[in-house]
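The values are calculated or read from the model by the stated rules, or taken from the named source; none is laboratory data. Everything numeric here is computed off the predicted structure, so don't read it as measured data. Neighbour counts are summed over all protein chains in view; Cβ atoms, including those assigned to glycine, are modelled from backbone coordinates with ideal geometry. All accessible areas refer to the heavy atoms of the entire protein, side chains included, with ligands and DNA or RNA removed. Shrake-Rupley method; radii C 1.70, N 1.55, O 1.52, S 1.80 Å.
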Amino acid sequence: MTESAGNKNEDCHAANGVKPGRNGMVKNHHHHHQYQNGLMGIALQVYHAACNGELYSRPFIESFEETPMLLAVLTYMSYGILTIFGYLRDFMREWKIEKCHIAREREEQKDFVPLYQDFENFYTRNIYMRIRDSWNRPICSVPGATFDLVECSSNDYNWTFEYTGRVVKDVINLGSYNYLGFAENTGACATAAGEVTVKFGVGVASTRQEMGNLDRHEELEKLAASFLGVESAMVFGMGFATNSMNIPALVGKGCLILSDELNHASLVLGARLTGSTIRVFKHNNMQSLEKLLRDAIVHGQPRTHRPWKKILILVEGIYSMEGSIIRLPEVIALKKKYKAYLYLDEAHSIGALGLNGRGVVEYFGLDPKDVDVMMGTFTKSFSAAGGYIGGRKDLIDYLRTHSHSAIYATSMPLPVVEQIITSMKCIMGKDGTTIGLSRIQRLAENTVYFRRRLQEMGFIIYGNNDSPVIPMMLYMPAKLGAFGREMLKRNIGVVGVGFPATPIIESRARFCISAAHTKEMLDRALDVISEVGDLLQLKYSRHKVLPSLDRPFDETTYEENEE
């Protein structure tokens, strides 16, 4: 964002009673109950079109309520107690008092480099194992709005599991990335994939450059380019490899990568494989990003101070652990100001954001040409597999001959290709129906409704109001495991996320909302979440949301919770 634009924003914010907050965020002062100066816990960012029309065409609201001090202390104490008992159990295992299940090097290998890093595995064997039953549960149906779950049990404290032979039926699915509800075994997608399987088989058994390039691959790439609004696109058989194998083809030594601190592991791995210099900026913090860009321009490369060959900014559309949306208008403004390149990962945002499901670029009303590399996956909204990269034709032509994922990887299976083509045509309305648009609208409505209800109940919820990824904070490790178990007892399937995937005091449950969820399903899930929340005392929010029947659909009213 330019200095003139920044001054303009400050003037507008002052005129509207909006003051800059933590990390350059601004807090909304237009609610019915305004926050007092001391209530800095919840961060609400609102950019009004009247103040910043050239960057934001709609309000941008995200909430990140700070961890209550007592909870932070208790969480650290919990991990401290678990660590003490972990060392005690390791001592007992060493003296054969307790049976040892962990993998160890043989005695004759003791003089070699350790195969297992003992400290790195300490958390896994002594803390994660206690709640491992909350994950690793196989399902035996389509991962739609509901699924069937294979019941497991363990006789050795979660080191191994055994199937009981019982199947838990009709578990409401709040964990799968089935944003638009295309994970189904009936309907147009399933029929088309089945017909292609009969005609072409499942495997391709070759790379795209050899004997594995079929007409359906070409059609998918043309369709994807049209959907994204770019000149050309290329598809890959694996979403993770789309990042990790293509970023090294774009930058190398003498280049600089500026990466958001919460970027996905595939982006981190891809950046490390380039040999480029990597610098990390604070999550979604434009002041931090601009400082790195300015320093890069001023100082150049280390020691030689020569200009960087390229500066590449790596960001995501929706961050899957935070539920936050990238502040893309500001990122593009900075990219243009400092002549950098932008790599946008839309794994979770493509199909799930925008009036027509075209992702975060459409969500902000921006020009796709302003994003140099548009990356995304087909594993979420399209309920398939693989990924894509879109952009200028010369960029895609270059990747076809330089990307390891394009040259050496086997082609995408045809049933997967057909699933993507059919679902994408449905989203675009090229199937002659409005089913795709209705699913996009239903997803948006479900997202706002689910988030609002959780906030009304008193839970601490992270992320953007329009993000279908909804993290609900649990904090303590014992409650992380207990929440998953108690929810499953009530036929609700949820995903818990803890350290090291999140900061140690920010364990959470992560809900993924789908267009396939009916209001009855969401109400049933919300009732159970509230019940379990009361049971485990999870309603931590200090800012109670007041339910109101006469307010607009997306408006929220806050008051201070005296409790």
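Before moving on, here are some points about what is shown:
- Alpha carbon centroid spacing (whole Å) that separates region 433-465 from region 186-250: 30
- Of the beta bridges in the chain, as assigned by DSSP with both residues counted there, near 65 percent are antiparallel.
- Rg and Dmax over the alpha-carbon atoms of region 344-427 stand at 13.4, 37 Å.
- Look at the dipole of the chain built from charges on Cβ: of I325, V360, I257, the Cα furthest out on the positive end belongs to I257.
- Principal axis extents of the Cα atoms in region 188-428, from largest to smallest and rounded to whole angstrom, are 60, 38, 29.
- Counting only heavy atoms of the protein chains and using a 1.4 Å probe, C152 has close to 30 Å² of accessible surface.
- Inter-label distance, nm, simple model (7 Å from Cα along the C-beta direction), R58/T83: 4.4
- Dipole check for region 188-428: with +1 at the C-beta of Lys and Arg, -1 at the C-beta of Asp and Glu, and the Cα centre as origin, the magnitude is about 960 Debye.
- With the charge dipole of region 188-428 set up from +1 on Lys and Arg Cβ and -1 on Asp and Glu Cβ about the Cα centre, the Cα lying farthest toward the positive end among the listed residues V280, S266, M211 is that of V280.
- Here region 188-428 exposes an accessible surface that is 56 percent carbon and sulfur, computed with a 1.4 Å probe and the other protein chains kept in place.
- Against the criterion of solvent-accessible heavy-atom surface with a 1.4 angstrom probe, D345, D111 sort, most first, into D111, D345.
- The distance linking region 271-336 with region 344-362 is 21 Å (Cα centroid to Cα centroid, whole angstrom).
- Computed helical MRE - 222 nm, the chain, DSSP H runs ≥ 4 contributing -39500 (n - 2.57), nearest 500: -11500 deg cm²/dmol
- Cα gyration tensor category, rounded, prolate or oblate, for region 123-184 with a/c compared to 1.5: oblate
- Point-charge dipole on Cβ atoms (K/R +1, D/E -1) for the chain, about Cα centre, debye to 20: 900
- Full extension of the segment from T434 to D148, taken as 0.36 nm per residue of separation minus the current Cα-Cα distance, would add 100.0 nm.
- Within region 228-354, antiparallel bridges make up roughly 5 percent of the DSSP beta bridges whose residues both belong there.
- T146, T164, ranked by accessible area, largest first (probe 1.4 Å): T164, T146
- DSSP beta bridge pairing in region 287-395, given as percent antiparallel to the nearest 5: 40
- Normalised per residue, the accessible area of region 257-372 is 40 Å², obtained with a 1.4 Å probe and no contribution from ligands, DNA or RNA.
- Cα gyration tensor, the chain - rounded (a/c under 1.5), prolate or oblate: rounded
- Inter-site label distance for Q109 and M92 at 7 Å from Cα along Cβ, in nm: 2.7
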